[in-house]
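Since the structure comes first, as C-alpha cells, the remarks are kept for the end.
The values are calculated or read from the model by the stated rules, or taken from the named source; none is laboratory data. Because the structure is a prediction, the values reported are computed rather than measured. Cβ sites come from the backbone with ideal geometry, for glycine too, and all protein chains shown count toward neighbours. Just so you know, the surface numbers come from the protein's heavy atoms only, side chains and all, with ligands and any DNA or RNA stripped out. Shrake-Rupley method; radii C 1.70, N 1.55, O 1.52, S 1.80 Å.
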Amino acid sequence: MPLVSPFRTSFATQTSRDLLLLRVVTDAAEGWGECVAMAAPLYSEEYVDGAADALRRFLVPALAAAGPVPATSVASVLAPFHGHRMAKAALEMGVLDAELRAEGRPLSRELGAVHDRVPCGVSVGIMDDVGALLDAVGGYLEEGYVRIKLKIEPGWDVEPVRAVRERFGDDVLLQVDANTAYTLADARHLARLDPFDLLLVEQPLPEDDLHGHADLARLITTPVCLDESITSARTAAAAIRLGACQVVNIKPGRVGGYLEARRIHDLCVAHGVPVWCGGMLETGLGRAANVALAALPGFTMPGDTSASGRYYARDITAPFVLDDGHLPVPTGPGLGVEPLAEELAAVTTATEWIAV
Ligand SMILES: O=C(O)CCC(=O)C1=CC=C[C@@H](O)[C@@H]1C(=O)O
C-alpha cells in the first residue's frame, strides 16, 4: 500500500507498506489477522516473506494439528517454535477475531477496555530540514493530534526538538524515538534533550542492552521508554526490575499477540509503569485492534494510534478518522471492522490458501 508521504526513521525510509494479512476461516466464522512485519528485517529480525514462510510451513500446520483451539491456547501451541512473534501474533489475532465474531463479542470488551475513544498521537519521521519538520508538526497539531513523537538519530535530535519547542511551545506533549540508534557512550549527548521536558525517549540503545538502558536512565532525566527490547511479559518484567525503563510501548505484534500485550499491560499497571500503544503502520484491521487495546486502563499516555489518513489515502477498511484528537473504539463483534472487498482487491498482490 502506498504511503501518503515517505516515512524516514533511523533505520530506513519507507514509501510503501508491504503487508501480510491472514484470513482465518472456521466452521463458525471468519477472522482477520494482520502481520506487522516489515518488508525487510530492519526494525526487528522479522520480515514479511519470512513470516509468510513460518506461517505456511510451521505455525498454521501446528495449530491445525492441535485440533480446534481457543484463541487463549494459540500461543502455547505455537510456543515450541522460537521467535516469529509477529507471525504468531497475526495467527492468534485471526483466531481471536473469528472466535469473538462467532460469539458476537467485541475485542475491546474481551481485552478489558474501559474507554469508548482513545487520545491519539502521531509519529513524525526524520525530514530533510527543520523547516519541513515544523510544517509537518504544525499540520498534525492542526488536525488535532494530542501528542507528537519525533523520530531521531545522531545528527537529527537536539536541534529538531529545540525547533519544535520554540515554534509550538512547552504545552505540546512531545517525545522522541531513536529506534536503537545510539550507544551508552552517547549518554552525555542524550542528556542535552533533558531541558526540553520530553515525555520520554524511546528505545535509544540496542534492543538487547537492558543494562545499558538502566545505566542511561540514571544519567538522564528524560524518562526512558522501551519498544524493541520488550518482546514478552517476561522481558518487560526484567526491564522493570533492572530499572531499564520508566515507560513501556506495547506493540501487540512485537510481543506475539494481543493476549500477551494485555499481560504486559497488567504487569506494568501492577508496577506503576505507564504504557502506551505503539503502531506499525497498520491497516484499519490492525488499527481497530490497537485502538481496542489502547482503551485499557493502564494506557495512560496517548499512543501512535493515528488516523488511517496519516499513512494511507485509501485504507482497506472504512477509514479511522480523527475526532477532536481521538479515535472511537470499535463496538462491533471481533475487530469490529472488515476489509472492503474492492479496496482489498486493489492492493492484493498475492493470495494463498493453506488448507488444513
Ligand atoms: O504510526 C505508527 O504506526 C507508528 C509508526 C512508527 O513510529 C514506527 C513504525 C514501525 C517501525 C518504526 O519505524 C516505528 C516505531 O518504532 O514505532
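If we scan the range 199-210, do we find a residue that is touching a strand residue (DSSP E or B) at 6+ places or on another chain (Cβ under 9 Å), among the hydrophobic types (A, V, I, L, M, F, W, C) and open to solvent by 20 Å² or more (accessible area, probe 1.4 Å)?
Within the range 199-210, one or more residues are touching a strand residue (DSSP E or B) at 6+ places or on another chain (Cβ under 9 Å), among the hydrophobic types (A, V, I, L, M, F, W, C) and open to solvent by 20 Å² or more (accessible area, probe 1.4 Å).
Given Arg254, Arg287, Arg262, which one is more than 14 Å from the ligand (Cβ to nearest atom), among the basic types (Lys, Arg), at pLDDT 95 or above and not in a strand (DSSP E or B)? Give the derivation first.
Details: Arg254 fails: more than 14 Å from the ligand (Cβ to nearest atom); Arg287 fails: more than 14 Å from the ligand (Cβ to nearest atom).
That would be Arg262, the only listed residue that is more than 14 Å from the ligand (Cβ to nearest atom), among the basic types (Lys, Arg), at pLDDT 95 or above and not in a strand (DSSP E or B).
Please enumerate the residues belonging to the range 228-250 that are in contact with a helix residue (DSSP H, G or I) (Cβ under 9 Å, 6 or more places away or on another chain), surrounded by 22 or more Cβ atoms within 10 Å (Cβ to Cβ) and not aliphatic (A, V, I, L, M).
Ser229, Cys245
As an exercise: evaluate Val247 against (1) touching a residue at least 12 places away in the same chain (Cβ under 8 Å); (2) more than 16 Å from the ligand (Cβ to nearest atom) and give the number of the one condition it does not meet.
The single condition Val247 does not satisfy is (2).
Could you please give the count of residues in the range 10-21 that are within 12 Å of the ligand (Cβ to nearest atom), within 21 Å of Asp49 (Cβ to Cβ) and assigned to a loop (DSSP other than H, G, I, E, B)?
Going through the range 10-21 one residue at a time, the tally reaches 3.
Tell me which residues, restricted to the range 133-169, are hydrophobic (A, V, I, L, M, F, W, C), assigned to a helix (DSSP H, G or I) and farther than 14 Å from Leu198 by Cα.
Leu133, Leu134, Ala136, Val137, Leu141, listed by residue number.
How about the range 299-356: which of its residues are under 27 Å from Thr13 (Cα atoms), among the charged types (D, E, K, R) and assigned by TED's automatic domain parsing to the domain that holds Ala261?
Asp304, Arg310, Arg314, Asp315
Give me the pairs, please: first residue somewhere in the range 250-271 and under 16 Å from Leu96 (Cα atoms), second residue anywhere and at pLDDT below 95 and not polar (S, T, N, Q), beta-carbon distance under 7 Å, and either six or more positions apart or on two chains.
Taking only residues 6 or more apart or on different chains, not a single pair turns up.
Tell me which residues, restricted to the range 116-125, are open to solvent by 10 Å² or more (accessible area, probe 1.4 Å) and either outside the structural domain of Gly278 (by TED's automatic domain parsing) or within 16 Å of the ligand (Cβ to nearest atom) (or both).
Residue satisfying the conditions is Pro119 alone.
Which residues, taken from the range 296-327, are in contact with a Gly (Cβ under 9 Å, 6 or more places away or on another chain), over 18 Å from Val36 (Cβ atoms) and away from the ligand (no atom under 13 Å from the Cβ)?
Leu296, Pro297, Met301, Ala318, Pro319, Val321, Asp323, Asp324, Gly325, His326
Of all residues in the range 169-198, which are in contact with a Pro (Cβ under 6 Å, 6 or more places away or on another chain), open to solvent by less than 10 Å² (accessible area, probe 1.4 Å) and not hydrophobic (A, V, I, L, M, F, W, C)?
Tyr182
Pick out the one residue from Val24, Val60 that is assigned to a helix (DSSP H, G or I) and either open to solvent by 40 Å² or more (accessible area, probe 1.4 Å) or closer than 19 Å to Glu352 by Cβ (or both).
Answer to the check: Val60.
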